[in-house]
Every structure is written in structure tokens, then in C-alpha cells.
Amino acid sequence: MSVDVKRLDGAEGFFEVVEKRHSVRRYKEYDIPDEDLKKILDAARLAPSANNSQPWRFIVVKDEETKKLLAEPRPQTFIADANAIVVVLGDVSVSCCNRATWVTRDPMIATEHLVLAATAMGYGACWIAMYESRPQEFLDRVRRRLKIPDNMHIVCLAAIGVPETEPRPTPKKALEDICFAEEFEKPLFQ
Ligand SMILES: Cc1cc2nc3c(=O)[nH]c(=O)nc-3n(C[C@H](O)[C@H](O)[C@H](O)COP(=O)(O)O)c2cc1C
């Protein structure tokens, strides 16, 4: 039986986005229009999640003072220069199964959707995932400022903005070093 695998229109564009995505940490001043933010956040909304629990919530921060607060812990001060910071939350009360695990994993999957969508829209983005280890006093201040309820876990941030310069690609491992056929380290591609 012949099987017709139909490549989606625009599939090449997806791979271009994946290749062009690099972490961007310097931004030009720019006010990201709401319609662009909406598209970017909609890509996050459509992400998969364990048991479709969709435990993510997103707070978009553009206010300069709040951005400065979020950027306070060194050495991540570049965050304050982002055009928008998306604070990614995980709802502990709805997250499925092993809550402690999925309450962070699902929102992180959504975050990568968001980062790729931002790239596709011509923006640069950077993950900031070191928030969990911040001092409790700092996290409490962030919670108060953003009015984050207790059942919401602060998972990570995504900084989005117009890149100041062309982002530089980072070295990536070769395909043959990470992909195997049937068993570990048995070459997949000849
Ligand atoms: C889970 C996760 C956490 C990250 N946390 C930070 C962070 O706190 N600060 C930062 O500047 N970059 C952060 N990054 C970006 C990585 O440093 C970056 O992805 C990596 O160096 C590869 O570079 P590339 O994104 O340009 O391919 C994070 C990325 C991921 C996926």
C-alpha cells in the first residue's frame, strides 16, 4: 500500500525558524504591537500538555519598573532591556499526575512554542529559567508586584525584543553524536 505523506505548505519556513532561533540578549527599543504578542502567545496556548491540563499562565510585562524588578538578580540584568518579558507560570492546582514534575515541564514546552513564534515574527527571544533558585524574598516581591496567587508556580521568563545585532549561533552537537539506530551509539545514518 502506498502512503502519501503530504508535507505541509510552509514546512520549510518552520525549519528556517528553528535554524534562525538563537538566544538574544540585546534589544533595540521597540513597543511590540498587541497583534504580534497575541500571535506569539497563541502559539504557546496551542502547546501540548500532560493530559491536556494546560497548566500554563502568562503575564506579559512591558512596564519599565516591573522589568527592572524582574531583572534585578545579577547577572541577568539584560532582561530589563527586553521589549516584553513573559512571566511563565504553572498552575499547581490543575497540573496533572506528578504535579511537581509537570507543573514546570508543560509550561516549558509552551515557552519554546512562544520563543519559536517570536522568532518567526522577526523578534529575538531568550529563556530565563533560573528563577526557581532565586531567594524567596525576591520571589515574594515578584509575586506581590505581579499579584501572582499562591497556586501559581513561577516557572521561567521569556524575554522578547527586536535584536540589537544579528544573533550569533552557538555550537550544537552533530546529529550522529546524539541519534542512534535501535541501540545506544549504534550509528543511525551511514
Ligand atoms: C531551560 C533553559 C533555561 C535557560 N536559562 C537561561 C538564563 O537563565 N539566562 C540566559 O541568559 N539564558 C538562558 N537560556 C538560554 C541558553 O543559555 C541558550 O539556549 C544556550 O546557550 C544555547 O544557545 P541558543 O539558544 O542561542 O541556541 C536558557 C535556555 C533554556 C532552554
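Numbers below:
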| item | result |
| --- | --- |
| Criterion violated by Asp63 - all others in (1) within 15 Å of the ligand (Cβ to nearest atom); (2) surrounded by fewer than 19 Cβ atoms within 10 Å (Cβ to Cβ) satisfied | (1) |
| Selected residue (criterion: farthest from Thr119 (Cα to Cα)) from residues of the range 42-54 that are outside any helix (DSSP H, G or I) and more than 16 Å from the ligand (Cβ to nearest atom) | Ser53 |
| Condition met for Ser49 (surrounded by 13 or more Cβ atoms within 10 Å (Cβ to Cβ) and among the small types (Gly, Ala, Ser)) | yes |
| Hey, Arg57 within 16 Å of the ligand (Cβ to nearest atom), farther than 25 Å from Pro163 by Cβ, modelled with pLDDT of 90 or more and surrounded by fewer than 20 Cβ atoms within 10 Å (Cβ to Cβ) or not | no |
| Of all residues in the range 156-190 being among the charged types (D, E, K, R), under 30 Å from Asp63 (Cα atoms) and in contact (Cβ under 8 Å) with a residue 12 or more places away in the chain, the one that is farthest from the ligand (Cβ to nearest atom) | Glu164 |
| Output for the range 19-73, where each listed residue is among the basic types (Lys, Arg) and farther than 30 Å from Lys173 by Cβ | Lys28, Lys38, Lys39, Arg45, Arg57, Lys62, Lys67, Lys68 |
| Residue within the range 4-21 that is at pLDDT 95 or above, away from the ligand (no atom under 15 Å from the Cβ) and touching a strand residue (DSSP E or B) at 6+ places or on another chain (Cβ under 7 Å) present | no |
| Out of Arg168, Arg144, sole residue that is modelled with pLDDT under 95 and either more than 28 Å from Thr119 (Cα to Cα) or charged (D, E, K, R) (or both) | Arg168 |
| Filter pass, Ala80 being in contact (Cβ under 8 Å) with a residue 40 or more places away in the chain, on the phi < 0 side of the Ramachandran plot and part of a helix (DSSP H, G or I) | no |
| Residue in the range 140-155 that is within 11 Å of the ligand (Cβ to nearest atom), in contact with a Phe, Trp or Tyr (Cβ under 8 Å, 6 or more places away or on another chain) and not hydroxyl-bearing (Ser, Thr, Tyr) present | yes |
| Boolean, Phe78 is surrounded by 11 or more Cβ atoms within 10 Å (Cβ to Cβ), under 17 Å from the mean Cα position of the chain (by Cα) and modelled with pLDDT of 95 or more | no |
| Helices (runs of 4 or more DSSP H) enclosed by the range 86-190 - at least 3 residues per element that are in contact with a Cys (Cβ under 7 Å, 6 or more places away or on another chain) and surrounded by 11 or more Cβ atoms within 10 Å (Cβ to Cβ) | 99-120 |
| Within the range 1-41, tally of residues that are in a helix (DSSP H, G or I) and either in contact (Cβ under 8 Å) with a residue 24 or more places away in the chain or not acidic (Asp, Glu) (or both) | 13 |
| Condition met for Thr66 (β-branched (Val, Ile, Thr) and either under 15 Å from the mean Cα position of the chain (by Cα) or at pLDDT below 95 (or both)) | no |
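The values are calculated or read from the model by the stated rules, or taken from the named source; none is laboratory data. All values derive from a computational prediction rather than experimental measurement. Note that we place each Cβ from the backbone using ideal geometry, even for glycine, and neighbour counts take in every protein chain shown.
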